[in-house]
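Data first, discussion second: the structure below is written as structure tokens.
The values are calculated or read from the model by the stated rules, or taken from the named source; none is laboratory data. Treat the numbers as computed from the prediction; the structure is a model and nothing was measured. In this analysis, Cβ positions are derived from the backbone assuming ideal geometry, glycine residues included, and neighbour counts consider all displayed protein chains. Please note that ligands, DNA and RNA were not included when accessible areas were found on the heavy atoms of the full protein model with its side chains. Shrake-Rupley method; radii C 1.70, N 1.55, O 1.52, S 1.80 Å.
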Amino acid sequence: MGEAILQMKGISKFFGDMAANDNVNFSLEKGTVHGLLGENGAGKTTLMNVLFGLLKPDGGTIFIEGNPVTIHSPAQAMELGIGMVHQHFMLVPTMTVTENVMLGLHLPKFPLLNPSLVKQRINELSQQFALDVDPDALISQLSVGQQQRVEIITALYHETTILILDEPTAVLTPDEAKELFVILRTLKAHGTSVVLISHKLEEIIAIADEVTVLRNGELVGFTKIDKEVTRKEDLSAMMVGREVSFDFKKQKGTSMHEVLSVRELCVNNERGVQALDHMTFTVRRGEILAIAGVDGNGQKELCEVLTGLRQPGSGAITLNGNDITQASPKQINELNVAYVPEDRQKSGLIMDWDISKNLVLKNFRKKPFTKGLFLSKKEMDEAAEQAVEAFKIKTDQVSTLVKNLSGGNQQKVILARELATDPDLLIVSHPTRGLDIGAMEYVRSILIAKRNAGVGVLLVSADLEEIFQTADRILVIYNGRVMGIVNPDVGIQKVGQMMAGITTGEAHA
Ligand SMILES: Nc1ncnc2c1ncn2[C@@H]1O[C@H](COP(=O)(O)OP(=O)(O)OP(=O)(O)O)[C@@H](O)[C@H]1O
Ligand SMILES: [Mg+2]
């Protein structure tokens, strides 16, 4: 077969006593896409951070085209032809594409780079790989998919032969993901090798040539992918060490009285453009109402209005019969509403706090966590230990700072906190984004359990599989308007068309 452009042999990396990578071997062939799989906390990002010079390994050797190399910094990794797009974007929203690319090159001589030459290179790469990026645009004006292309351009800026993508599709819409795959195929055709970290197994089967699987920091599997033969169950069994059910049967719910009612709601976004256009719907106790839609059709603004973070222009919102149209986030929280926000890193966690404290972040004024004026550390830690156990948060102690958890495990902390109680209304935005398949299965089963316990659940998701597994009714949102509220019986295809704004469905508000 082909030749290895990269070999990592016997790589180990410890954080304290914990081996995030334990004697891992990894080999990447020229011109291939190589999937790197494993549960949250398995060590995928760590292994790639070692390759990109962000972490110094405690053992092992890296070979590029057969030659041993030591990589001390990202700048050096880039000189060796390695580029990386990180799990969480590292772009500065108030700066232009060109300025961000310059920053991302990790060069000490950044101020001396000539912007017009950088611009030229961006245009060149943009054309070569059909990336379609405007060098003068501000990052804040770009969609998530476009922002990701800026990261890809930065990663490709030097003659890049090895491109690392850490969960690139977790935040993309299905269409954006398809466009990314076209880009990856073009890169392959140019002889670039790609390492693709993803939890989406269909995607891996569709695009990868080979996969390597890590579990608890160790290499547990390698296989070539044959699109016709490889099944996602084969890969998940390697990852988790057991079969994961992809279609769990849920019982029909018994919906009860109305908990949330939204009438003729109109909201503007920060640019003064109408984001919600006369939205009307209700959520009842004991049901999951899914808001299905391509990202950016008003879902974010809807969640913000419902949680008091944004003021509506007109319309009315009632919760258990109380008018909350003008209520503050604190008032709404006190009315027993739980919220899992979309941007969990920015609005859900305090990175410099430990797991225990983050888990009581919103409930700290409530029993049993307060004793008089003081927080009870024992109660907090016990509750945290239960959450760590239930959600399989990968850590050895609840005093670990959240910033030291893997990406997926950070998300589990917020989910554990918000799902700890039985609120009247639970608003969850993209709850399984970035989670491994085991955790995904668990979170979806919890949403159903909450529904069965009489919680009203408003699920915002762009993942049709997730919606059809869990929802009792589906509201399709397009351009800030309700395209229809339908029963899941109408089928995935119909809902997909409604999401694209092609057809409407009957409204059962
Ligand atoms: N800076 C750090 N300090 C301490 N522990 C760390 C640090 N970075 C990672 N870890 C730990 O190393 C382990 C592997 O983390 P890593 O980020 O590589 O996982 P991952 O496979 O990328 O997971 P995910 O799918 O959640 O992104 C985790 O248990 C994590 O908590
Ligand atoms: Mg990771």
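With axes computed from alpha carbons, what is the tilt in degrees of helix 174-189 against the longest principal axis of the chain, rounded to the nearest 10 within 0 to 90? Helix 174-189 sits at roughly 0 degrees to that axis. Loop-located trypsin sites (Lys or Arg not before Pro) in segment 58-143 (DSSP state other than H, G, I, E, B) with a sparse environment of at most 13 neighbouring Cβ atoms within 10 Å: Lys109. The heavy atoms of Thr503 present about 40 square angstrom of accessible area, all protein chains included, probe 1.4 Å. For a test of the definition: using alpha carbon positions, the gyration tensor, and the 1.5 limit on a/c, classify segment 436-475 as rounded, prolate or oblate. It is oblate, given that a/c is not under 1.5 and a/b is not larger than b/c. Structure note, pairs Lys178/Lys412; Lys178/Lys224; Lys200/Lys377: Cα-Cα distances above 31 angstrom occur for Lys200/Lys377. For the chain, the residue among Ala290, Ser328, Met48 whose Cα projects farthest onto the positive side of the dipole built from Cβ charges is Ser328.
Looking at segment 4-240, what % of its DSSP beta bridges pair antiparallel, to the nearest 5? Beta bridges within segment 4-240, antiparallel portion: roughly 60 percent. Counting only protein heavy atoms and using a 1.4 Å probe, the accessible area of Leu36 comes to about 0 Å². Overall, the anisotropy analysis places segment 24-98 in the prolate class: the square-rooted eigenvalues a ≥ b ≥ c of its C-alpha gyration tensor yield a/c not less than 1.5, with a/b exceeding b/c. Remark on segment 40-197: ratio of C-alpha radius of gyration to 2.2 N^0.38 Å is 1.01. When the Cα positions of Leu235, Ile64, Ile204 are compared along the charge dipole of segment 4-240, Ile64 comes out farthest toward the positive end, with charges on each C-beta of Lys, Arg, Asp and Glu. Ranked by solvent-accessible area (1.4 Å probe, protein heavy atoms only, all chains present), the residues His72, His199 order from largest to smallest as His72, His199. Nearest 10 degrees is fine. How inclined is helix 407-418 to the longest principal axis of the chain, computing both from alpha carbons? It works out to around 10 degrees.
Share of carbon and sulfur in the accessible area of the chain stands at 52%, probe radius 1.4 Å. Ignoring aspartates and glutamates fewer than eight residues from Lys13 along the same chain, the ones with Cα atoms less than 14 angstrom from its Cα are Asp22, Asp58, Glu218.
Taking every DSSP beta bridge that has both residues in the chain, what percent is antiparallel when rounded to the nearest 5? About 55 percent, rounded to the nearest 5.
Using Cα-only point scatterers and the Debye equation, what is log10 of I(q)/I(0) for the chain at each q in 0.09, 0.11 Å⁻¹, rounded to two decimals? Treating every Cα as an identical point scatterer, log10 I(q)/I(0) equals -0.68, -1.02. Global dimensions of segment 365-498 from alpha-carbon coordinates: Rg and Dmax equal 17.6, 56 Å.
Between Lys232 and Glu159, the simple label model (points 7 Å from Cα in the Cβ direction) yields a spacing of 4.0 nm. Based on the Kirkwood approach, the hydrodynamic radius assigned to segment 285-329 is 11.8 Å, with every pair of different Cα atoms included. Taking Cα atoms only, the orientation of helix 377-390 departs from the longest principal axis of the chain by about 70 degrees.
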